[in-house]
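A.B. asks: Handing you this structure, nothing more for now.
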Amino acid sequence: MNDLLSVLAVAVLPAAGNIVGSLLAESLRAPPWIIGAALHGAAGVAIAVVSIDLMPRILPVIPMWLLISTFLGGSVFSAALARAFRYWTGSRSGRSGAWMVYLAVAVDLLTDGLMVGAGSAVSGGLGLLLGLSQVIANIPGGFAAIGNFRNRQVPRKRRLGISGSFILPPIFGAAIGYLLLRDASTQVEHAALAFLVGVLLLATVEDMLPQADEPGVARWISTPSFAGGFALFAALSAYVD
């Protein structure tokens, strides 16, 4: 039980970065182009998570048919969630896209938790390093998500609740990774990651990037922001490894 509590405590670290970013978005009157730049940075981080951290783990372990099927399953799940958000918020409110940005950030946090849980099952030190590596990398995602909600006129009380909810996905992911996936077969573990790749990529490409482009951010700002987010995660990942 103490080991599990230690893992869950470490899993809070990735959410800390998002919460710091969300508090910055609450305290600063950021113009729309800054939110767009932050969204491009968060998208760069999400793509780096997939290409640098997740896919190199998945490809050597599971057969291509399983990767494709679980990826498609994650994609369908992402599309279904987008439809549900549009129904819930109303297609004209403009908030469904903001919720899909939140989904991309939440899935990123869920994968962080899975990595912390699985890493802690191997070594407590590895789990701690994985958690610490995400603190700085997750600040742009929190800033962008809450700044986007603020621009959509979502009430402050609800925004604060959304900020607090960032703590849930990594804890849930860490619990799954530590308690369930550690006893599952290697293929099952990596198939679950492939499913999350489908959710994360679709939410990033179909929702986060269009939201990022909406304020009309100049290319000389959006491109370095995206590249910077990717490079930041890559550098942190290399340092941890």
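The values are calculated or read from the model by the stated rules, or taken from the named source; none is laboratory data. All figures in this text were calculated on a predicted structure; none of them were measured in a lab. We place every Cβ from the backbone using ideal geometry, glycine too, and count neighbours over all the protein chains shown. Just so you know, the surface numbers come from the protein's heavy atoms only, side chains and all, with ligands and any DNA or RNA stripped out. Shrake-Rupley method; radii C 1.70, N 1.55, O 1.52, S 1.80 Å.
A.B. asks: For the range 1-78, which whole percent of the accessible surface, found with a 1.4 angstrom probe, sits on carbon and sulfur atoms? Could you put the intermediate results ahead of the total?
C.D. replies: Numbers: 2710 of 3540 Å².
That fraction is 77 percent.
A.B. asks: Continuing with the same structure: With a 1.4 Å probe and every protein chain left in place, tell me how much accessible area PHE71 has, in Å² to the nearest 10.
C.D. replies: Using a 1.4 Å probe on the heavy atoms, I get roughly 60 Å².
A.B. asks: Then there's this: Calculate one ³J(HN,Hα) per residue across the range 174-183 by plugging θ = phi - 60° into the Karplus curve 6.51 cos²θ - 1.76 cosθ + 1.60, and present them in order as whole Hz with x for glycine and proline.
C.D. replies: So the J values, rounded to whole Hz, are 5, 5, 5, x, 7, 8, 9, 5, 5, 9.
A.B. asks: With every protein chain in place, what's the accessible area of SER69 (1.4 Å probe, Å², nearest 10)?
C.D. replies: Surface open to solvent at SER69 totals about 60 Å².
A.B. asks: Moving to a separate point now. Once you have all Cα-Cα distances for the range 197-241, histogram them in 10 Å bins from zero and send the whole-percent values.
C.D. replies: Reading the bins upward from 0: 23, 43, 29, 4.
A.B. asks: What is the distance, in nm, between label points placed 7 Å from the Cα along the Cα-to-Cβ direction at ILE68 and at ALA80?
C.D. replies: 2.2
A.B. asks: Now a separate question. Starting from the 7 Å offset along Cα-to-Cβ, what nm value, one decimal, do you get for the label separation of TRP33 and ARG57?
C.D. replies: Label-label distance for TRP33 and ARG57, simple model: 3.8 nm.
A.B. asks: Moving on to the next point. Rounded to a whole number, what is D in µm²/s for the range 182-221 from Stokes-Einstein with the Kirkwood radius over alpha-carbon pairs (25 °C, 0.890 mPa s)? Intermediate results must be reported in sequence, preceding the final value.
C.D. replies: Numbers: Rh = 12.4 Å.
Using the Kirkwood radius from Cα pairs, D works out to 199 µm²/s.
A.B. asks: When you take every Cα atom in the chain, what is the radius of gyration, and what is Dmax, the widest Cα pair distance, in Å?
C.D. replies: Rg, Dmax (Cα atoms, Å): 17.0, 51.
A.B. asks: Right, next: How far apart, in nm, are the 7 Å Cα→Cβ label points at ALA231 and ARG158?
C.D. replies: Going by the 7 Å Cα→Cβ label model, 3.8 nm.
A.B. asks: Apply the Karplus parameterisation 6.51 cos²θ - 1.76 cosθ + 1.60, with θ equal to phi minus 60°, to every residue of the range 30-44 and state each ³J(HN,Hα) to the nearest whole Hz, in sequence, with x for glycine and proline.
C.D. replies: The phi angles translate into 7, x, x, 5, 5, 4, x, 5, 5, 5, 5, x, 5, 5, x Hz.
A.B. asks: How would TRP220, TRP33, TRP65 line up by accessible area, probe 1.4 Å, largest first?
C.D. replies: TRP220, TRP65, TRP33
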